[in-house]
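Please read the structure below before turning to the comments.
The values are calculated or read from the model by the stated rules, or taken from the named source; none is laboratory data. These figures come from a predicted structure and were not determined experimentally. All Cβ positions, glycine included, derive from the backbone under ideal geometry; neighbour counts span all protein chains shown.
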Amino acid sequence: MFGQLNILGLSFGGTPFSLNTDHKPLVSILSIGGGRSSTARIGRLCSRLQEYTFVVNYIPGKNNQPADCLSRLPCQDELGDSNQESVVVASILDVCTFGEKYINEERWNESMRNDQALKQVMEYVEHGWPEKRNVDYRCLSFWQVCDKLSLVNGILFRDEKCVPPEGVRGLLIEYGHEGHMGMSALKNLLRQFYWWPSMDTEIERFVRNCILCMEGDKNCRTHEQPLCSVPWPDQPWQKLGLDISGPFHLLPTDMKFAIAIIDYHSKWAEVSFTSQVTTESVLEVMRTVFSREGLPETIVTDNGVQFVSSEMVSYLKAHGIKHLRSALYDPQTNGQVERFNHFLKDTIKLVVETGSRPLTFVRERIWEYLITPHTTTGVSPFFLLKGRHPTSVVCPWWVKQTFPLGARRVKKW
């Protein structure tokens, strides 16, 4: 199939065409770009077909005689023709870096050589699975998903997710938890690219044994139910929440207050620290952020003096920004940014407990927040705002080549 794509490109180029088939499931698969539960092979095929403009039509088999006849013609070429184009999923590059921490080809291959169970599973996938009673006891955890496993260039996949060797699984969990984002966030972060048996159990055990997370005791915190949900904006950077938190007496003087801006659509957050919270300092932060990301349509704040001053009113009116203020003594009205303030204060607490460099630690933890799939949208704030996946410590080297931008999914509301 992949070899025929080159002939297809030479024949049609950019010319639109119709594709007739008597295989009805193929119509829906190609029409929706592979579907939600497609295998990795079908996903790669649909990705390759995105460069062509075509319409898939279903016709009964009796009307598809030319293609049906050609498919049954004998072929003298051997199936293992050496001239057949090989499909290279990705090159293994040293892109998963974070300081001196990395998972490169050498470490990956070393772990593969030591993982006898995974090597046996790959042999089963390549040559066929035996009956369950004859399966190696170390591979029984893969039996229930054996029909979803595929082997591509020496890498084992379950659907679109890679199965890492046992030697790097602990490193992935450790690297993903450096920001102490919590159990659910860590699961969502790793589930983007990886799967292995007992993955959730290992993550839960790791987080429960984390001293800093136990001291924070996030699972014991209760939150009041909001009166009503805020409608999700249609576009990124359309509606923003703005708030001031502090003072933080244990931080340096220039980090005494934090000004946070969060996008209601993508959940993207911007944080700036300042020594004082005057109207001018808040406007300076807004000008800096807006010069980089653009002007919003609406901004939501509380009734602080910085937000109701004449300078703020004039600035918002001059730029055509609608200003909504929360109800008095009811911070839940601007709950989006208030919820992020809880995350920011937890970060400040970790700075004090670990003795880390304040600004560096805050930036690194906010970065992990931006690349972690949000529980509301199902994807990361970085992807929703920027439209692409960032290179991060847990992002594998093959994700950009194997699963391009159009293959990722976003929840619809």
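Observations, loosely collected:
- Unmet requirement for Glu110, which otherwise passes all of (1) modelled with pLDDT of 80 or more; (2) exposed (fewer than 13 other Cβ atoms within 10 Å of the Cβ): (2)
- Hits in segment 172-182 - residues which are touching a Lys or Arg at 6+ places or on another chain (Cβ under 8 Å) and either farther than 14 Å from Glu204 by Cα or not in a loop (DSSP other than H, G, I, E, B) (or both): Tyr175, Gly179
- Filter pass, Gly304 being exposed (fewer than 13 other Cβ atoms within 10 Å of the Cβ) and small (Gly, Ala, Ser): no
- Any pair with Cβ under 6 angstrom, 6 or more apart, that starts in segment 21-38 at a residue that is outside the structural domain of Arg158 (by TED's automatic domain parsing) and ends at one that is surrounded by 15 or more Cβ atoms within 10 Å (Cβ to Cβ) and modelled with pLDDT under 55: Ile29/Gly35
- Conditions (1) within 19 Å of the chain's Cα centre (by Cα); (2) free of Cβ contacts under 8 Å to residues at least 60 places away in the same chain: number failed by Phe382: (2)
- Test: residue in segment 279-298 that is charged (D, E, K, R) and over 28 Å from Gln235 (Cβ atoms): yes
- Any hit, segment 311-322, residues being at pLDDT below 85, within 30 Å of Glu297 (Cα to Cα) and small (Gly, Ala, Ser): no
- Here segment 151-166 is the region considered, the condition is being surrounded by fewer than 18 Cβ atoms within 10 Å (Cβ to Cβ) and at pLDDT below 85, and the residue that is farthest from Arg113 (Cα to Cα) is Asp159.
- Qualifying residue in segment 282-293 (condition: at pLDDT 90 or above and of a type in the set (Ser, Thr, Tyr)): yes
- Any pair with Cβ under 7 angstrom, 6 or more apart, that starts in segment 264-279 at a residue that is without any contact (Cβ under 8 Å) to a residue 60 or more places away in the chain and ends at one that is surrounded by fewer than 19 Cβ atoms within 10 Å (Cβ to Cβ) and among the small types (Gly, Ala, Ser): Thr274/Ser281; Thr279/Ser309
- Any hit, segment 376-386, residues being of a type in the set (Gly, Ala, Ser) and either surrounded by fewer than 16 Cβ atoms within 10 Å (Cβ to Cβ) or on the phi > 0 side of the Ramachandran plot (or both): yes
- Test: residue in segment 15-34 that is exposed (fewer than 10 other Cβ atoms within 10 Å of the Cβ) and either on the phi > 0 side of the Ramachandran plot or modelled with pLDDT under 70 (or both): no
- Restricting segment 227-264 to residues that are in a loop (DSSP other than H, G, I, E, B) and within 16 Å of Asp302 (Cβ to Cβ) leaves a set whose member that is modelled with the lowest pLDDT is Val230.
- A search for C-beta distances below 6 Å between a residue of segment 346-373 that is outside the structural domain of Ala185 (by TED's automatic domain parsing) and any residue that is surrounded by 18 or more Cβ atoms within 10 Å (Cβ to Cβ) and charged (D, E, K, R), counting only pairs 6+ apart in sequence or on different chains, returns Thr347/Arg365.
Yes/no matrix, rows are residues, columns are (1) in contact with a helix residue (DSSP H, G or I) (Cβ under 7 Å, 6 or more places away or on another chain); (2) not in a loop (DSSP other than H, G, I, E, B):
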residue	(1), (2)
Val289	no, yes
Phe307	no, yes
Met312	yes, yes
Gly320	no, no
Leu324	no, yes
Leu328	no, no
